[in-house]
Structure formats: structure tokens, C-alpha cells
1. Assuming residue 106 fulfils every condition listed in (1) farther than 26 Å from residue 316 by Cα; (2) more than 14 Å from the ligand (Cβ to nearest atom) apart from one, which condition is it?
2. Can you pull out the residues in segment 56-81 that are exposed (fewer than 15 other Cβ atoms within 10 Å of the Cβ) and on the phi > 0 side of the Ramachandran plot?
3. Could you tell me which residue of segment 274-289 is surrounded by the fewest Cβ atoms within 10 Å (Cβ to Cβ), considering only residues that are out of contact with any strand residue (DSSP E or B) (no Cβ under 8 Å at 6 or more places or on another chain) and of a type in the set (Gly, Ala, Ser)?
4. Name the single residue, out of those in segment 82-103 being surrounded by 20 or more Cβ atoms within 10 Å (Cβ to Cβ) and part of a helix (DSSP H, G or I), that is farthest from the ligand (Cβ to nearest atom).
5. Taking segment 224-233, which residues are in a strand (DSSP E or B) and within 15 Å of the ligand (Cβ to nearest atom)?
6. Taking the options 27, 38, name whichever one is at pLDDT below 95 and under 30 Å from residue 374 (Cβ atoms).
7. If you check residue 74 against the conditions, is it more than 25 Å from residue 320 (Cβ to Cβ) and assigned to a helix (DSSP H, G or I)?
8. Report yes if some residue within segment 48-69 is in contact with a helix residue (DSSP H, G or I) (Cβ under 6 Å, 6 or more places away or on another chain), in the same structural domain as residue 168 (by TED's automatic domain parsing) and among the aromatic types (Phe, Trp, Tyr); otherwise report no.
Amino acid sequence: MKLAGRMSRLGTESAFEVLDRAAVLEGEGRKIIHLEIGEPDFDTPAHIVEAAERALADGHTGYCAAPGIPELREAAAAFLSRTRGVDVPAHRMVITPGAKPILFYTLMTLCERGDEVLYPDPGFPMYESLTRFAGATPVPVPLREENAFRMDPDEVASLITDRTRLVILNSPHNPCGSAMTLEDLAGVAAAVRGRDCYVLSDEVYWAMRYEDQHASIAALDGMADRTILLDGCSKSFAMTGWRLGFAAYPRELVEPVTRLLINSVSCTANFTQHAAVAALTGPFQPVEEMRAEFARRRDVIVEGLNRIARVSCRTPAGAFYAFPNVTSFGGSSEQVARYLLEEAGVACLWGTAFGPAGEGYLRLSYANSVENIRDALEAMEAALPGFEAG
Ligand code: PLP
């Protein structure tokens, strides 16, 4: 059977492949430490679970408005105003099953053959995959260790053309753990102003920012009208399996994106949206506690990686990923990561799973216990001297 041609342009996420291989090894009785998946290992805070239970008991089990229930659109607008300083009305908020559909709907709405999309390399693999799927041309903006893996606004300015329809930013960043400064954001804003081009600001890790405050490009002068501000409950509230994302859209994009929602999923689960209202309006203490614990684990993993001979690792400014440099081992980062899984029982991802500019690095998620992180570091230190490139 022949598949549609567009399917050859659709990529995937290597994390799921590594998870499969790890499961095979576990089936053989091996102990594997999972540092490959970007998922908080905390329970969803109790008040959110209770709100979902109440919503189910109250019968919020039917279809609801395609762009989201009014209470959640209101709560999400107020939340973005409070946490990002962005003043957007509720009718510009769209609620989706997870944040990923926001990427999908935005690229399908804006981009087609002949258009260009700038995105970070390394970066979340869906940016490139969905750009190609839409028929547009992905234009990678390399992130370099010498620039603390931050997107360089001058480079963005030099890559923007009349064909650029969208510039994708991700701060804090997956996989590098970097975060853009206000100055970086102002530089990107200056590069897109006056052009027929939107910005998609992927801020799903905004709550995991360690030393400094998170800043959003949407808060800069005139930018809210050309920025799709993407956020969701997955990472901030440990709600990955609930599938709840939200975005502030420029006014003219709300209707076409809602049409895509109607054509694909009709609406986001009704009772889940009621739980999300509790997440966005309820106590923030559980998120603060998760952030503090991630910060503690970050320090353990970064210090431990830097103690391993021939490995060096910058201290991430946000998210929950360490991105150590393993170039001195020779061979590809994929070989190093596969070796670590087979020989050390440590599952992690190779930098090139996020784009060619990720060569030479590994991504280790520290959404795991300090004890497991320490065990993983010990196993890596023992196994790495035996790695032979080939
Ligand atoms: N954006 C980035 C940078 C991510 O890392 C992820 C998930 O890993 C997402 C978006 C998607 O999040 P969600 O689980 O809400 O679909």
C-alpha cells in the first residue's frame, strides 16, 4: 500500500525509540536508569486531581466549545498576564490537547511550499518535522556552546528573508537547558518587526527557570499581536498525561486554528479543562517545590558530569536537561549514547536527535531522583573509558 507523499516528510522523536530499546533490555533483567524522557517524575498536585474528580462527578463529560471552555480561556489569559506580563483577552486563547497540537495547528495555518521557518538547532524535533510536513522549508538557527546555547539575534536577522513566515523560539530550551535574555528577545523582536512574519514562542518550560526570571518576547512592545505564545500544563504542573496545552494567538489566527481543532479533535477533554482551571488559578507552591527540587538535581548532575574525565557540562539556566559535551571521546554522540545504554544501563539521548548542530553532546533529563542520578553518573564514569569510536 502506498502512503501519501507527505508522510515521508514527517519525522519522529528518538526518545520513544530509546525507550523501546531500554524496555527490551529491562525485559532481559537489566536495570536501566531513565534519563531520556522529558517528563516530571512528580505526581500532579492534589488540588488539580480533586478538581478533575469534581468535574467528572458534576457531569463535565460531554463535548464543549472547540477553542476551550470560557472559564479556562479566562484563566489562561489571566495566567499569562500574571506570569509573562502579556495582556491578551480570553477570546485570543485556544485550548488544545497538549501543547504539541499548537505547533501542528500553527504550522498548518501559516506555512506552505515556498515559505521558510526559522527554528533552533538543536531543538525540539517537532519544529523541523512539522515544518517539512507543511511543505515549508526549515531554516535552522544553530545554538552554540560558546554563546551558552542561546539563539543569537544577529544570526536570526541574517537568516530572515521575505519568505520567512515564522520564527520559533524556545526558552528555556529543550535540549540545551539554555534561556534567552531580555536583550536576546529584544534583538529577535527588532529582526521581525516590519516583516510579514510571526513568532512562535514555546514557553512550556517557563516555570523551570533557576537563577533569573523568565522573560517572554510577547511582552515586548507590539509583539503580542504577532506572537503565538505557547504554554501548557505538562511540564509546569506535572500533567504530561492529561494532555492540556494553551496558547495566546494573534486575533486573526484564532478562527483558522479553531477550524483545525474542529476538524481534528472537536475539542479538548472537558473535565481536564476544569482541572486546568484549578492548576492556573490555584496555589503555586507545588510548582515552586518542584522547581526547587529540579534545581537541586541540576547541581548534582552538572557537578557529577564535570567530574567525569573528558566530559564537560555547562550549568543549565532552565528546563530539566543537562547537555554535556562529549566531543573528546571521538565517534558520534549517537554512538556514545547507545554505548551508555548497552554498557552502563543509562538511557539518554544524543544531541543529533535534536538536529545536526547537536553533534558532540548528550541530553540527560534530570527529571529523576537524586539517588538514580548519582547511580547513573557512577555507571557512566565506570563505562566511558571503555568507549571506542567506530
Ligand atoms: N515544546 C517543547 C520544547 C517540549 O519539550 C515539549 C514536550 O516535550 C512540548 C513542547 C510538548 O508538550 P506537551 O506534552 O504539552 O504536548
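The values are calculated or read from the model by the stated rules, or taken from the named source; none is laboratory data. It should be emphasised that the depicted structure is a prediction, and the values quoted were computed from it without experimental measurement. We place every Cβ from the backbone using ideal geometry, glycine too, and count neighbours over all the protein chains shown.
1. (2)
2. 59 - this is the single residue of segment 56-81 that is exposed (fewer than 15 other Cβ atoms within 10 Å of the Cβ) and on the phi > 0 side of the Ramachandran plot.
3. Of everything passing the filter in segment 274-289, 282 is surrounded by the fewest Cβ atoms within 10 Å (Cβ to Cβ).
4. 92
5. 228, 229, 230, 231, 232
6. Unique residue meeting the criteria: 38.
7. Yes, satisfied.
8. No, every residue in segment 48-69 fails to be in contact with a helix residue (DSSP H, G or I) (Cβ under 6 Å, 6 or more places away or on another chain), in the same structural domain as residue 168 (by TED's automatic domain parsing) and among the aromatic types (Phe, Trp, Tyr).
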